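Read the figures in this text as sums done on the coordinates, not as results from a lab. Not measured: the values here are computed from a predicted model. Quick reminder, even Gly has a Cβ in these numbers, built from the backbone with ideal geometry, and neighbours come from all protein chains shown.
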Amino acid sequence: MVPRINHILYATDLSDGARRAMGYAVALANALEASLTVVHVIKEASPNAELLIQAFLGYSSKEEVKDKSRAQITEEIKERLGQMCDELGCQLPECRFSLADVIVDFGRPREMVLNHAKTGKYDVLVMGRHDYGLIETAFSGDSAKDLLRHSPIPVFWVPMARDTEPAPRAGKSG
């Protein structure tokens, strides 16, 4: 049985490599005439940071800060991601995919993306891969690999673009 891919979930962290991964998500959606949902998760601010923002902006409660900043941030990110998707779609000879939704969530990225993958009607997940060093991987908890292990749907993991020529190594002469 050949699976039918009708709806693609693209998770982005808005990094430099995210545009490359989005290109693959758009190309895949276009080739398969599938719909595309884009999701971005913003990590929650610490309680101390929220109190500082509340005092600085003169809001009466943390909830007011969260609601206003979330609404503003959400709209700005949705607008920018929609523009990126439109730009990438315009580069295609025929645009046969539809942008179903742009979702901006607040919380733990790995958990939120997994929740969307589990509860949404998505057929595949597309996301970018970062090449962190050993120390960064140890501190990050390797959440991308954990997401791969627990995703209920197939994951297309797009590596960051590499330069065509490797940088010269120190201490070696040509």
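The table below gives the values:
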read-out: Peptides ranked, highest mean first, by Cβ atoms within 10 Å: ranges 30-42, 112-124; value: 30-42, 112-124
read-out: Footprinting exposure proxy for 101, 13 (fewest neighbouring C-beta atoms within 10 Å first); value: 101, 13
read-out: Among the listed pairs 62/118; 118/145; 78/121, those beyond 24 Å (Cα-Cα); value: 62/118
read-out: Ranked 106, 97, criterion: other C-beta atoms within 10 Å, fewest first; value: 106, 97
